[in-house]
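The values are calculated or read from the model by the stated rules, or taken from the named source; none is laboratory data. Just so you know, these numbers come straight off a predicted model, no measurement behind them. Virtual Cβ from ideal backbone geometry, glycine too; neighbours counted across all protein chains shown. What goes into the accessible areas is simple: the full protein's heavy atoms, side chains included, and nothing from ligands, DNA or RNA. Shrake-Rupley method; radii C 1.70, N 1.55, O 1.52, S 1.80 Å.
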Amino acid sequence: MGKHLAVVVNGSTSSAVQVARIVRECLDEGKTVVIDGLGSFRPYRNRGYRFVARSALSVFLAYVQEDRRHVERLYDALEARGFDPWFDRRKLLPGQNWPRSIEDAIESTDFVIACFSHNSVTKKGGFQAEIRYALDCARRVPLDEVFLIPVRLDGCSVPSSIRREIQYIDLFPDWERGFRRIVTILTRQQRKRVSA
C-alpha cells in the first residue's frame, strides 16, 4: 500500500493555502493524498493528478481497548472486502482532539459496528459515549435503513436498550459465519441505497 498524507485544517485561508501546497508536494513525489470521507488525490500519468471519489461504504468500529486485537481483525477483514473501516488506532493523528474526531467520524459514516464484549458492557468511558452518540445519529436515519450493527465478541449480554430494538450478530464461536452476516447486511444496504 502506498504512503498517505493526512492533514487537519482549522479552516483559515492561510491553512488552505498550506494544505494545497502540501498536497501538491506529495502528489509530485508520487504519493496518494486521502481526504477522509471524500476520496483521494492520486498521481495520474505524466505528473498529472486525478481525484477518486470515495465509493466504499464507511464503517465506524466502536470498541474498548481490551478488545483491540478482535477489532483489528475485523478492520482488516472489512478493508480486504472493499469497505472503508474507521478504527481510531489507524485514523486518529497525534494531537487531534479525539472526542470531536470520533463524533465527526460517527456523523459521516455509513454504518457503526458496536463491538460488545464482557470487557465493554461494564466499562465506563469512551465506548459508552460512542454508542450513545451513534444511537443519537441513528435516530436521524430512516427506520427501514440499518445504521448501528451490534456485534458480540463473546457471550456478553447486549444492553437491553439496544437488544430491544436492534438484532445483533455474534462473531463467536464461528467468526467467519458472523463476518459473512456483517458483509451481507452492508452490501444489501448498499444495493438498497443505490437503487433508491
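Side notes on the structure shown:
- Residue 166 being within 16 Å of the chain's Cα centre (by Cα) and either of a type in the set (Val, Ile, Thr) or under 19 Å from residue 68 (Cα atoms) (or both): no
- Within segment 100-121, the set of residues being among the small types (Gly, Ala, Ser) and open to solvent by less than 50 Å² (accessible area, probe 1.4 Å) comprises 101, 105, 114, 117, 120.
- Selection of segment 122-155 for residues being assigned to a helix (DSSP H, G or I) and surrounded by fewer than 16 Cβ atoms within 10 Å (Cβ to Cβ) yields 129, 132, 136.
- Checking residue 147 against (1) modelled with pLDDT of 95 or more; (2) more than 20 Å from residue 74 (Cα to Cα), the condition it does not meet: (2)
- A Cβ distance below 9 Å, combined with a sequence gap of six or more or placement on separate chains, defines the contacts here; from segment 83-95, residues that are on the phi < 0 side of the Ramachandran plot and modelled with pLDDT of 90 or more reach no residue that is basic (Lys, Arg) and in a strand (DSSP E or B).
- Taking segment 156-196 as the range and being loosely packed, with under 12 Cβ neighbours inside 10 Å and among the hydrophobic types (A, V, I, L, M, F, W, C) as the test, the residues that pass are 194, 196.
- Summed over segment 150-161, residues that are at pLDDT below 95 and among the hydrophobic types (A, V, I, L, M, F, W, C) total 0.
Okay, residues lined up against (1) at pLDDT 75 or above; (2) within 27 Å of residue 135 (Cβ to Cβ):
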| position | (1), (2) |
| --- | --- |
| 2 | no, no |
| 15 | yes, no |
| 21 | yes, no |
| 26 | yes, no |
| 38 | no, yes |
| 48 | yes, no |
| 56 | yes, yes |
| 59 | yes, yes |
| 71 | yes, yes |
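- Complete set of residues in segment 100-121 that are in a helix (DSSP H, G or I) and charged (D, E, K, R): 100, 103, 104, 107
- Selection of strands (runs of 3 or more DSSP E) fully inside segment 38-99 by the criterion of at least 3 residues being surrounded by fewer than 18 Cβ atoms within 10 Å (Cβ to Cβ) returns 39-44, 48-53.
- One residue from 161, 108, 120 being out of contact with any helix residue (DSSP H, G or I) (no Cβ under 9 Å at 6 or more places or on another chain) and of a type in the set (Gly, Ala, Ser): 108
- Among the residues of segment 137-161, those that are farther than 22 Å from residue 174 by Cβ and not acidic (Asp, Glu) comprise 137, 138, 139, 140, 141, 142, 143, 147, 148, 159, 160, 161.
- Here residue 125 passes the criteria (1) more than 20 Å from the chain's Cα centre (by Cα); (2) at positive phi except the one numbered (1).
- Close pairs from segment 64-82: first free of Cβ contacts under 8 Å to residues at least 24 places away in the same chain and farther than 18 Å from residue 150 by Cβ, partner surrounded by 16 or more Cβ atoms within 10 Å (Cβ to Cβ) and not aliphatic (A, V, I, L, M), Cβ under 7 Å, at least 6 apart: 79/85
- Taking the criterion of being outside any helix (DSSP H, G or I) and under 19 Å from residue 157 (Cα atoms), the residues of segment 170-196 that qualify are 170, 171, 172, 173, 174.
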